[in-house]
There are 2 protein chains.
Amino acid sequence: MVLRLSTLFLRTLREDPADADVASHRLLVRAGYIRRAAPGIYSWLPLGLRVLGKVENIIREEMAAIGAQEVHFPALLPREPYEISNRWTEYGENLFRLQDRKGADYLLAPTHEEMFTLLVKDLYSSYKDLPVSLFQIQTKYRDEARPRAGLLRGREFIMKDSYSFDIDDEGLDASYQAHRGAYLRIFERLGLEIVVVSAVSGAMGGSKSEEFLHPMEVGEDTYVRSAGGYAANVEAVTTVVPAEIDYTGAPDARVVDTPDTPTIDTLVNDVNARFPRESGSWTAADTLKNVVLAVTLPTGERRIVVVGVPGDRAVDLKRIEANISSHVGMGGELAVDAATDEDLKKHPGLVKGYIGPGLSVEEPVLGEESATGLLYLVDPRVVSGTSWITGANEPGKHVIGLIAGRDFTWDGTIEAVEVREGDEAPDGSGPLEAARGIEMGHIFQLGRKYAEALGLKVLDKNGKLATVTMGSYGVGVTRAVAALAESHHDDKGIIWPRAVAPADVHVVATGRGAEIFDAAAQLSGELEAAGLEVIYDDRPKVSPGVKFGDAELIGVPTILVVGRGLADGVVEIKDRATGVAENVPVAEAVEYVRRAVQQ
Amino acid sequence: MVLRLSTLFLRTLREDPADADVASHRLLVRAGYIRRAAPGIYSWLPLGLRVLGKVENIIREEMAAIGAQEVHFPALLPREPYEISNRWTEYGENLFRLQDRKGADYLLAPTHEEMFTLLVKDLYSSYKDLPVSLFQIQTKYRDEARPRAGLLRGREFIMKDSYSFDIDDEGLDASYQAHRGAYLRIFERLGLEIVVVSAVSGAMGGSKSEEFLHPMEVGEDTYVRSAGGYAANVEAVTTVVPAEIDYTGAPDARVVDTPDTPTIDTLVNDVNARFPRESGSWTAADTLKNVVLAVTLPTGERRIVVVGVPGDRAVDLKRIEANISSHVGMGGELAVDAATDEDLKKHPGLVKGYIGPGLSVEEPVLGEESATGLLYLVDPRVVSGTSWITGANEPGKHVIGLIAGRDFTWDGTIEAVEVREGDEAPDGSGPLEAARGIEMGHIFQLGRKYAEALGLKVLDKNGKLATVTMGSYGVGVTRAVAALAESHHDDKGIIWPRAVAPADVHVVATGRGAEIFDAAAQLSGELEAAGLEVIYDDRPKVSPGVKFGDAELIGVPTILVVGRGLADGVVEIKDRATGVAENVPVAEAVEYVRRAVQQ
């Protein structure tokens, strides 16, 4: 059916919406695709629903192509399964929780690992039933602290989520690779540039995971890549661990007076001046900076942690957030901040400006045997035998030549510092470059975490119960619509890739003569009869300028103008992306558009 | 793609689920279409999703055919619009309410009048923009007190809801009739018998409304119809109001002692014995029974109301619930129960067993001038001049010959008593018959209620602001799937109408020979190539009996069995509905099935 603008439920806006901070949000609202209903919650208007449907169908086809079967779960779910997996707690404030009239707890699901696990448990009982991959395209909820950027980070959004179930690790790897391939084809068909990067599993749990990032200045994820092919979310970059050093015969550490050295710079200057090195100078890289952090758990509990890092590197709180869950024994949404003075006061062993690790030459104050009882983690560069200048846990005193593994221990290592452009890639494939992107997809080898928690076991070949191993895989569907608008627009409006455009051709009738409108209506009908989707701007009293503006704002790839040229038997056909316009004889117009669509 | 049962995510069940109280629920679960996730909340498995998709598409096509445009609203909505319309309160406990992390109130929408009104207000400004009809197929929420019957009354369910916007009443009527026609076509195409009945508007507000009921013994709605074409939900049946009677010269009412007459029967016997009528006998129809009721408002408030009805008719609480909102000044979910002794105690003017209306011969205790201040409503049969035997508001006393309009007044009339089979239809089209059904659709002429509340005005022809008039229209989509299974099954399983069946043909390979499985696979491929949807039971080690049982349980209209007959070059093709089976030469099988599908 030809969509006539005289009746289509659409009003374009000249002004940007006040709350729109990115181009896709501005344009999708102005061009009449979506409308805000509440913060981070949007309604879909007719044209938007068309684009959304096309994105969904591409995803559906590629899922079917790898044998995944479509199901559909409720959004409103009972608490119990999420209680068992601990995510009822771990999701913290990001979870919408509610009670029914009887006071039973429910949630609006942000993702469905638990429910798929239970469903497969319900239906399957043997290794012969596996592998199976199930997916749904479904509305999800997440109570974002700061919903922003329109559809890019919403609170109600559509995801395609799938889950694979295998009897062994090889099976999981095959299911994972199948999804990885399907995702690459999906984004290719959508026309969305993608970088696949290593990622941390975060709240989801599991071993291996990769993100499909769309490079975008307004993206919230920073990733790095090397010319040699390494690519990772900055949260997942692992430090190249130096070799351990034999410290036999190394001199004893010595505590020195270092008054007025509150910063790494002043400390380095002071020790170079008063305690010079045998050869060369001390640098910030020789110092061990001990940073006190506060980790807020999903339960609201605030836990103090001390992290020791080389003094020449800044602490990266996001990298710590992404990697600290195993150290605090809780997954989910962990927020890490610098400790406040108030936090420090509760731990008198922490001497601000002079904090050191647990010291064997003094009374141990940190680490496993620490008097303060605080967790002490170090950067992976702190390996046995490395020698450090660091705080002596006394006001005005530092210690020089403190040997890791001899003079102090630690509770664990953590990726805690910034990754810098120019750092060597962990796989030795060259120096790293950084860029920003937005997460369009994420695939996880979950392993047996959920199956174990919820008791999903099947009989194996030997007739014994074996726990199933799982993968989980997500694509942001509404987010994909926004990312497409974000990466395909100019200052006049959206420029949809053909695969997802709300129509193939946008016919504009300009002028007042009935013959123009008759010809435009006729052409629209013929284009539709040729199997094309047509928007026809038949509004009688709207100026050509407004019509052209709307056509460019809406962003259908081909614009066909029926106007003055009609007297000479031609129409103008314009490519929205290139701006190239051609006069085409009326009789050839349909074929011209048809060819343009097929290109 | 041929659905092979060896890999399809499906396990049929031999046992009925313990919580299933109706056939559709039992069969949809046993045949692997749906699965319970929580009370009244279901997951859709692959076959169920197929059926659901077909139902949705039929609805979508018929909506498009009347020019309705599809949009999609969020399920999670802010409180404010529903506060303005008063439905935040009126929905009572049926509404799922929640708060976000900032403490802002949200709801899971049961229906979207407010949001559509605001959207049209947002986009449109002139009568030239109208009429417009918008619809969505969307997940809705309702916290039912007693979710039951599987998908027939769920708490998370899919509805098609549409809304029409017109400048005047004629326009509204045209939009209403267009939807009415579309609904008839939808149910016709689905294969669902429908009776359209007059209905009360209830929580929705507005003037005219009709329900599309599917006749069904397990349905929750009772409706009546006459041979002459009258049909109404029993809640909406209006009583034929008798003519007023001239009471000039009628004798005065007299108070009489009637000890030990706690019931209508004992009262009638007593007055016939001691105060005989001039001609004939007193009957229960001559008595006015005053019933004390408690109306629980959505706010939780309990309000006492007295209703006077002829003594020969039982009070019908559901009819009162459906019609009382205008009397208590609040729409929404009103629960009406008999008053308790405790309620009565709070109103000493109410003498149990001897309650009368406000009496002019005594102190008035009820009605507008009532000392008790209670609302007094009467059945429409109580018109001016009618004479009644009723309570005298004193223990052991009744009054005879109390004339309505002369001796007592009332605050309003209400449909309060049972409709009986054999009662005359209100339009005189003959006696009524009663049946039960389930509401599959409901259409409302809302009028200006929501537009006024939310300020939806457009400029009219004279350049003046005019309030838009609206209709709202709903079809239960998930409920339709259940109703189809409920009305199309036998003791072996479901018998899907072709339009919604999960496949056109179910191929069963029986036996162990490779040639049988090869031939069945070949035929399945050919059937698919002929444009048919195919389920193929290729399970190698499953007995023919189990396979036949599963085929009949699943309910695809045509079952094709490849088995022993193959040696003779034939397959068996069976019609699931009639049970008629024919041996058909292999070479003709595809064409045979194709013809069966087209019938």
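Yes/no matrix, rows are residues, columns are (1) open to solvent by less than 10 Å² (accessible area, probe 1.4 Å); (2) assigned to a loop (DSSP other than H, G, I, E, B):
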residue: B:G437; (1), (2): yes, no
residue: B:I443; (1), (2): yes, no
residue: B:A466; (1), (2): no, no
residue: B:M470; (1), (2): yes, no
residue: B:R479; (1), (2): no, no
residue: B:L484; (1), (2): yes, no
residue: B:W496; (1), (2): yes, yes
residue: B:A499; (1), (2): no, no
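Residue pairs whose Cβ atoms lie under 7 Å apart, sitting 6 or more positions apart in sequence or on different chains, and linking a residue in the range A:52-65 that is open to solvent by 70 Å² or more (accessible area, probe 1.4 Å) to a partner that is in a helix (DSSP H, G or I) and of a type in the set (V, I, T), do not occur here.
Would you be able to say whether some residue in the range A:20-29 is over 23 Å from A:L151 (Cβ atoms) and surrounded by fewer than 22 Cβ atoms within 10 Å (Cβ to Cβ)? Within the range A:20-29, not a single residue is over 23 Å from A:L151 (Cβ atoms) and surrounded by fewer than 22 Cβ atoms within 10 Å (Cβ to Cβ). Annotation: A:I66 fulfils all but one of (1) within 23 Å of the chain's Cα centre (by Cα); (2) at pLDDT 95 or above; the unmet one is (1). Kindly evaluate B:G32 against the criterion of being open to solvent by less than 10 Å² (accessible area, probe 1.4 Å), in a loop (DSSP other than H, G, I, E, B) and not aliphatic (A, V, I, L, M). Answer is yes for this residue. Take the conditions within 11 Å of chain B (Cβ to nearest Cβ) and open to solvent by less than 40 Å² (accessible area, probe 1.4 Å) and apply them to A:D129. Does it pass? Yes; evaluated as a whole, the condition is true for this residue.
Selection of the range B:34-48 for residues being under 20 Å from B:I554 (Cα atoms) and either charged (D, E, K, R) or under 24 Å from the mean Cα position of the chain (by Cα) (or both) yields B:I34, B:R35, B:R36, B:Y42, B:S43, B:W44, B:G48. Could you tell me whether B:N290 is more than 19 Å from B:G412 (Cα to Cα) and either in the same structural domain as B:K345 (by TED's automatic domain parsing) or out of contact with any Gly (no Cβ under 7 Å at 6 or more places or on another chain) (or both)? Spelling it out, it is not the case that B:N290 is more than 19 Å from B:G412 (Cα to Cα) and either in the same structural domain as B:K345 (by TED's automatic domain parsing) or out of contact with any Gly (no Cβ under 7 Å at 6 or more places or on another chain) (or both).
Looking across the range A:409-435, the residues that are open to solvent by 10 Å² or more (accessible area, probe 1.4 Å) and under 21 Å from the mean Cα position of the chain (by Cα) come down to A:E415, A:E418, A:V419, A:R420, A:E421, A:E433, A:A434, A:A435. Only a single criterion out of (1) at the interface with another protein chain (Cβ under 7 Å from one of its Cβ atoms); (2) touching a Pro at 6+ places or on another chain (Cβ under 7 Å); (3) open to solvent by 10 Å² or more (accessible area, probe 1.4 Å) is not satisfied by B:R142, namely (1). Pairing each residue of the range B:116-140 that is free of Cβ contacts under 8 Å to residues at least 60 places away in the same chain with any residue that is open to solvent by 20 Å² or more (accessible area, probe 1.4 Å) and not polar (S, T, N, Q), provided the two are 6+ apart or on different chains, yields C-beta distances under 8 Å for B:L119/A:R35; B:D122/A:R35; B:L123/A:R11; B:L123/B:D129; B:P131/B:I167; B:P131/B:A174.
Scanning the range A:145-155 for residues that are away from chain B (no Cβ under 11 Å), open to solvent by 10 Å² or more (accessible area, probe 1.4 Å) and not in a helix (DSSP H, G or I) returns A:R148, A:R153.
B:I403 meets all of the listed conditions (1) within 36 Å of the chain's Cα centre (by Cα); (2) over 30 Å from B:S487 (Cβ atoms); (3) not in a loop (DSSP other than H, G, I, E, B) but one, namely (1).
Could you list, in sequence order, all residues of the range B:321-348 that are open to solvent by 20 Å² or more (accessible area, probe 1.4 Å) and part of a loop (DSSP other than H, G, I, E, B)? Within the range B:321-348, B:G329, B:M330, B:E333, B:A339, B:T340, B:K346, B:H347, B:P348 qualify.
Residues in the range A:36-45 include at least one that is modelled with pLDDT of 95 or more and open to solvent by 10 Å² or more (accessible area, probe 1.4 Å). Going by what's in this entry, would A:F212 be described as surrounded by fewer than 24 Cβ atoms within 10 Å (Cβ to Cβ), more than 14 Å from every other protein chain (Cβ to nearest Cβ), closer than 23 Å to A:S487 by Cβ and touching a residue at least 24 places away in the same chain (Cβ under 8 Å)? Taking the combined requirement at face value, the residue does not satisfy it. Residues considered: B:I245, B:I264. Of these, the only one that is more than 30 Å from B:A483 (Cβ to Cβ) and open to solvent by 80 Å² or more (accessible area, probe 1.4 Å) is B:I245. B:V218 satisfies every condition listed in (1) open to solvent by 20 Å² or more (accessible area, probe 1.4 Å); (2) part of a helix (DSSP H, G or I) except (2).
Matching residues to (1) among the β-branched types (V, I, T); (2) assigned by TED's automatic domain parsing to the domain that holds B:V51; (3) in contact with a strand residue (DSSP E or B) (Cβ under 7 Å, 6 or more places away or on another chain); (4) in contact (Cβ under 8 Å) with a residue 60 or more places away in the chain:
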residue	(1), (2), (3), (4)
B:A149	no, yes, no, yes
B:E156	no, yes, yes, yes
B:D169	no, yes, yes, yes
B:Q177	no, yes, no, no
B:R185	no, yes, no, yes
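When B:L49 is tested against (1) part of a loop (DSSP other than H, G, I, E, B); (2) buried (at least 18 other Cβ atoms within 10 Å of the Cβ); (3) within 7 Å of chain A (Cβ to nearest Cβ), just one condition goes unmet, and that condition is (1).
Residues in the range A:563-578 include at least one that is hydroxyl-bearing (S, T, Y), without any contact (Cβ under 8 Å) to a residue 60 or more places away in the chain and out of contact with any helix residue (DSSP H, G or I) (no Cβ under 7 Å at 6 or more places or on another chain).
The values are calculated or read from the model by the stated rules, or taken from the named source; none is laboratory data. Since we're looking at a predicted model, the values are computed, not measured. Positions of Cβ are backbone-derived with ideal geometry, glycine not excepted, and every protein chain shown enters the neighbour counts. In case anyone asks, the SASA skips ligands and DNA or RNA and just uses the protein heavy atoms, side chains included. Shrake-Rupley method; radii C 1.70, N 1.55, O 1.52, S 1.80 Å.
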